[in-house]
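Take a look at the structure below.
No value in this document is a laboratory result; all are computed from the given coordinates. Keep in mind the model is a prediction, meaning the values are calculated, not measured. Every residue, glycine as well, gets a Cβ built from its backbone with ideal geometry; the counts of neighbours run over all protein chains shown.
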Amino acid sequence: MSFKDVSSVFSGMKEQFDPSKAQGLEAVFQFIITGDDGGNWSVRVENGQCTVQGGTHSSPSVTLTMDAPTWLGIVNNQINGIQAFMSGKLKVSGDIMLAQRVPALFGS
């Protein structure tokens, strides 16, 4: 499945979530997507379940900030997340190791 806009990624995240990869994990991922088609979303993983909400969380475990084309490239497997980070297109604050779990948790 190829995502065309940022909001559809977050709308479908719950269905993409793999609870078997989240055993014992309690975390809040904050996504700040800048530019046209951007926005803010928080994704809570707790007790093997995932909830997605628009807006910002008061104390996320990790915050990932990037522009919309970078995010769409990552979720559509056109851009490597580590390369995006190393090139400065993806900024991570908080638990960077937790950020590396996003592809496994959400099948991207």
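Quote the FRET efficiency, to the nearest 0.05, computed for E46 versus N76 with a Förster distance R0 of 41 Å and r equal to the Cβ-Cβ distance.
Values: r = 27 Å, r/R0 = 0.67.
Working from the Cβ atoms, E equals 0.90.
Ratio of alpha-carbon Rg to the 2.2 N^0.38 Å globular estimate for segment 1-91, to two decimals, please.
Values: Rg = 12.8 Å, N = 91, 2.2 N^0.38 = 12.2 Å.
Rounded to two decimals, the normalised Rg is 1.05.
Can you check what the net charge comes to around G12, using other residues whose Cβ is under 14 Å from the Cβ of G12 (Lys, Arg +1; Asp, Glu -1)? Mind dumping the intermediate values first?
Values: positive: K4, K14; negative: D5, E15, D18.
Overall, the nearby charge balance is -1.
Of the peptides 43-51, 86-94, how do they stack up when ordered by the mean number of other Cβ atoms within 10 Å, highest first? All intermediate terms of the calculation are to be shown ahead of the outcome.
Details: 43-51: 15.8, 86-94: 14.0.
Peptide ranking by packing, descending: 43-51, 86-94.
Given the Cα-Cα distance of D36 and I96 and 0.36 nm per residue of separation, how much length would full extension add, in nm?
19.0 nm
Hey, quick one: spin label on S2, modelled 7 Å out along Cα-Cβ, who in segment 72-108 has an amide N within reach, i.e. under 15 Å?
Zone members listed by number: 72-79.
With a cut-off of 14 Å, note down the residues of segment 83-100 whose backbone N falls inside the zone around a label point 7 Å from the Cα of L25 toward its beta carbon.
In segment 83-100, the label zone of L25 (backbone N under 14 Å from the point 7 Å along Cα→Cβ) covers 95-100.
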